[in-house]
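Structure first, then comments.
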Amino acid sequence: MTEGNGRDPAGWWAGVRRLLGYERVLIVTAVEVERAAVLAGLGLGDAREDDVETGRPIVVKAAGVGPASAAAVTAQLLTIAGYLDQWFDAVI
């Protein structure tokens with residue numbers, strides 16, 4: 001089975017996980033433009049707002065500008081993932 005972009009999802013996710021070195025990664029950016037650039041670079045054009053809840057291996061979220069905003073949003077996302085028992089192996 002392939003995704004709408006013609007990729008084999010299992011094989012593609014395995015390649016990205018090998019690239020990053022972890023099974024599940026949360027990537028936090030400051031603004032939506034950075035998030036879009038990271039998603040494009042990783043080939044994740046089909047990312048959704050509920051990626052944390054769905055257990056996707058790579059989750060990219062925009063947290064807002066500044067260390068306080070980044071810390072607060074990251075803590076919230078980690079709490080949601082922990083509550084759902086879908087822990088992240090790394091946060092970038």
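Where Lys and Arg each count +1 and Asp and Glu each count -1, what net charge lies around Asp85 among other residues with Cβ under 13 Å from its Cβ?
Working: positive: Arg24; negative: Glu53.
Taking every Cβ under 13 Å from that of Asp85, the sum is 0.
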(message) If a paramagnetic tag sat 7 Å from the Cα of Gln86 along the Cα-Cβ line, which residues of the stretch 44-67 would have the backbone N under 19 Å from that point?
(response) 44-63
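Each value in this text was obtained by applying a stated rule to the coordinates, not by laboratory testing. Note that this is a predicted model, so its numbers are computed, not measured. Cβ atoms come from the backbone with ideal geometry, glycine included; neighbour counts cover every protein chain shown.
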